[in-house]
Amino acid sequence: MTNKNKWLGVNILQLKNVSLVCAMFLIFLVYITAGEGDKRAFADAMDSSQSLSVQQKKSVELFHEVFQITLENDKQANLDRIAELYWQIITTCPDAPLAQESHWRLIESYFTDYQPPRSEEALLLFKQFQSKYPDSPLMKVVRHTMARGLYMNKLWSDLLELEADGFAEFLATGEMTSPLPLFYYSEANFHLNEIDEAKKGYLILVERFPGTHVAQLGAEKLVQISKGMK
């Protein structure tokens, strides 16, 4: 090899090393300047490359720490620490089963443990759960937790958006295993002054699920509607 070729080979290698260092520095800058939400997304992308066994082991350790806090300490005084641990599971162990359960538990905590409830964060977390785990075996229970939280906090527009597809599917198939989604759909319409749609839902509720508590509530609302009461 000539001196010229040797010189070119050395400089190409040096350029590659410089490019690698620059790339790593840019990644570092992106991370340190990112907001909290961006950092979680960044951590998710970086840590999801870990093997499933590593993620499972880490998620169990973090979940155990949550359990120890709730067992040995005042839960209310440690809500932020518990939420942080759930977020660590969600972002660093996304392929571990406990990541799905952590979504559920954190959504429930945002609605029931915090005053005022952290509804916006619960909604964002639920949408993330739907996107990442559309076939999750926990989907029904997470949806139920979300709907109950929205109902208890009178977030009618969000509740209607959540239940509208389910009601449309019921009209198309005639299948519904639980009266609660139908009740939530009707209640959301009632409080948003969509009275005809609310009445439609309450009537189906009374006819399809007689004897249930929500059917009784639906019947009472139908009386109110017939009397022009709101």
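The values are calculated or read from the model by the stated rules, or taken from the named source; none is laboratory data. Since the model is a prediction, treat every value here as computed from it, not as a measurement. Here the Cβ is made from the backbone with ideal geometry for all residues, glycine too, and neighbour counts use every protein chain on show. Accessible surface is based on the protein model in full, side chains and every heavy atom, while ligands, DNA and RNA are left aside. Shrake-Rupley method; radii C 1.70, N 1.55, O 1.52, S 1.80 Å.
Results, tabulated for the structure shown:
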read-out: Computed accessible area, Glu220, all protein chains, 1.4 angstrom probe, square angstrom; value: 90
read-out: Förster radius 22 Å - calculated FRET efficiency between Leu71 and Arg148, Cβ distance, rounded to 0.05; value: 0.30
read-out: Which listed pairs, of Lys132/Lys221; Lys132/Lys200; Lys154/Lys199; Lys75/Lys127; Lys140/Lys200, have C-alpha distances above 29 Å, in listed order; value: Lys132/Lys221; Lys132/Lys200
read-out: Cα→Cβ-extended label distance, 7 Å offset, between Gln130 and Ala172, nm; value: 1.5
read-out: Potential lengthening between His64 and Glu220 on full extension [0.36 nm per residue; Cα-Cα distance subtracted]; value: 51.6 nm
